Amino acid sequence: FVSVQLVSRAVQQIWRTPQSICATRGYLHACRSFSSNEVKSAVTPAEITTTPIPEITDAFPHLQTHESIHKFSLEQPDEFWGRLARSRLEWQKEFQVVRDHDMEKSAFRWFPDGQLNVSVNCVDRHARQHPDRVALLWEKDEPGQEERVTYRELQELVCRMGNVLLECGVKRGDRVALYMPVMPLSVAAMLACARIGAIHSVVFAGFSAEALASRVQDAGAETVITADEAVRGGKVIKLKQVVDAAVAKCPTVRQVLVASRTGAQVNMGPKDISLEQVLSSASTECPPAVQNAEDLLFLLYTSGSTGSPKGVAHTTAGYLLYASVTHKHVFDYRDGDIFGCVADIGWITGHSYVVYGPLANGATTLLYESTPTYPDPGRYWETVSRLGLTHFYCAPTALRLLLRYGDDWVLRHDRSSLRVLGCVGEPLNQEAWHWFHGVVGDGRCDLTDTWWQTETGGIMISPRPSAPGAHINAGMPMRPMFGVLPVLCDPSGKVVEGKRVDGALCLGSIWPGISRTIYGDHKRFIDTYFAPFPGHYFSGDGAYRDEEGFYHITGRMDDVINVTGHRLGTAEVEDAMTEHPEVSETAVVGFPHPVKGEAVFAFIVLKEELESSQENIVADLKKLVRSQIAGYAVPDEIMVCPGLPKTRSGKILRRILRKVAAGQPDELGDISTLADPTIVQTIVNIYNTQH
Ligand code: WT7
């Protein structure tokens, strides 16, 4: 008892000391110069001073409608983006050249002779103007325990973190891998990399050790930043253990910085450094490195239709400008708003609309650590009400899940603070659209369905509700953003003109946020995005242009599936399963799922001599996928069959398997090209007996 008292008194003392570190309460307090309660009362939304964010209509008074701005942005990109880059970003050296593009080489440079520092743009300039404004509003896993980090505090934390990285020998251009919970220190770590000119590679903390190791290796990262544990939906995830297993396979890793999220005792080996300890002694001043506009800001690994995940590379100035402009104009973000995007920072949505877009705009941005249903299905709306969120940006899969629990979970919470709702990641079906708009938004909030990708850096197609007079149609992203020229192509590569037409969704313009390369493999970048439809960027999606000229997304055209809004290459799942010694062949497809959007269906062929039962093998395969990739990749269905439908040249006809998995065996189409057409009926029979 005595020792508890002593500890708690000591904690209180440290807690009150300005700028001191309180190891037991965690990193967040590292840079606090006053206590959490004081911060709360110091910064209520109503008191936030208003600093106007430069508007496009201020810069270009003759442009009022979205159509006119859009047209101008395509006709005069240098004038349009040049002016926005000057008004929205703080440059260390101003650029003379806006664009330098070489379509032949798929090499795109924006503001190539300019220099700026992303962390200065996201933190310092706002800390100068409004130091006490809340930058990060951390909604922790347990409701009611939110913490606030002001711009001044964030600046101190970023600087301390930057100095820690420098002391660890991290240099400009080095890659730093992050495997972290959604917490302020993770954001500070991203920004600290930017501060010293290092390149971060955030790996979603739900990925397995194997998946983490391959990403760390591909990036050649020598430094990993993680935490003891994560907590999500009341469950503890032992992050450090996963990192230990991953690092054992990564000889390049020199050091692992370990933050404290839960305070759990974790194994600390010779490479491990406790972050709290080093942060406390680090200086709160860290001069920003000069970053060239085209220096890499981050890598983010994403799945493709073939091969291993690719490190999509984004650069500093163009990416930041595009994230900031879209955050402002897609969501009609206004000074004093509290922007709530519930994505994990391990995905591009978290990068662009939790971290970079909002912070570049000096916003207050939510960090949401929990799940949609913890502790109950009203959690999102309880959070909206308690924190007074003005914006709520989420994934359709979460809405489809929540609407099944009924309206009461929504209606019991006050949602009057909300002004704009948004969705991303997969098609927002009509039912979910109307529920989100009518029930959550009371029919009075704008709802924006945003289409974009890891590679595009920011939102490409969305209704853009802030445009005067722009009506919104349910369930489609509708309008291209500034600088974005959607083009539909037919299979022969010809551009499809006119209305009521569909085709491969390509982009005929180059916008500042476009990814510049796949890390270490520019050829793959060209082959994936520019070779299929020369002169255009190919998204991998199909789209329909309707009678009004608005865009609907029809889904992926390649072997990528979308499970709960997460992109997954069917080849990755196949590769994981074929590691099983008793499996001879696999074919993985997606099938429609009422909540997940798509789910994974695996057809497997076993070897002739089996040592284990089929049941055991199926269970092993699920474990294998979980350990090689992540939980969301685990197949919902694994069907053992005697063979797969193949052409005479040995190509698996996935089209047929997709129809079987979707329960549509009557719509198989032409099967005459198969080497053995009877296999199809056998597979259908097995499916029918199991369903
Ligand atoms: C793929 C990109 C961009 C952040 C989240 C996913 C699908 C994305 C929509 C939408 C229909 C959508 C596409 C796209 N997608 N938004 N509004 N309507 N489909 O990023 O992991 O890079 O996945 O998600 O298929 O290609 P990502």
In vacuum, with every alpha carbon of the chain counted as one equal point scatterer, what does the Debye formula give for log10 I(q)/I(0) at q = 0.07 Å⁻¹? Two decimals, please. -0.46
Within the chain, what's the longest run with no GluC sites (Glu not before Pro) in a DSSP loop and at most 15 other beta-carbon atoms within 10 Å? Give the range, please. 286-496
For the chain, what is the percent of antiparallel DSSP beta bridges, rounded to the nearest 5? 60
What distance in nm separates the simple spin-label points at Asp666 and Thr306, each placed 7 Å from Cα in the Cβ direction? 3.7
Charges at C-beta only: +1 for Lys and Arg, -1 for Asp and Glu. How large is the resulting dipole of the chain about its Cα centre, in Debye rounded to 20? 1200
Cα-only Debye scattering, region 574-691: base-10 log of I(q)/I(0) at q = 0.11, 0.14, 0.16 Å⁻¹: -0.35, -0.58, -0.76
Which chymotrypsin sites (Phe, Trp or Tyr not before Pro) does region 298-368 hold that lie in a coil by DSSP with at most 12 other beta carbons within 10 Å? none
Please state the charge dipole magnitude for region 517-616, taken about the Cα centre, from unit charges on C-beta atoms (+1 on K and R, -1 on D and E), reported in debye and rounded to the nearest 20. 520
Residues Ile561, Ile472 arranged by fewest to most Cβ contacts within 10 Å: Ile472, Ile561
As a test of the formula, what do you get for the chain when each DSSP H run with n ≥ 4 contributes -39,500 (n - 2.57) and the sum is divided by the residue count, at 222 nm and rounded to the nearest 500 deg cm²/dmol? -8500 deg cm²/dmol
Could you tell me which residue out of Gly631, Gly311, Thr223 lies farthest along the dipole of the chain toward its positive end? Charges go on the beta carbon: Lys and Arg +1, Asp and Glu -1, centred on the Cα centre. Thr223
Positive end of the charge dipole of the chain (Lys, Arg +1 and Asp, Glu -1 on Cβ, about the Cα centre): tell me which of Trp381, Thr57, Ser260 has its Cα farthest that way. Ser260
Under the Kirkwood approximation applied to all pairs of distinct alpha-carbon atoms, what is the hydrodynamic radius of region 172-319 in Å? 15.8
For the pair Val236 and Ser416, what calculated FRET efficiency results from E = 1/(1 + (r/R0)^6), where r is the Cβ-Cβ distance and R0 = 30 Å, to the nearest 0.05? 0.25
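All of the numbers you see were taken from the coordinates with simple rules; none came from a lab. Predicted model only: the values in this text are computed from it and were never measured. Using ideal geometry, Cβ is built from the backbone for each residue, glycine included, and neighbour counts are taken over all protein chains shown.
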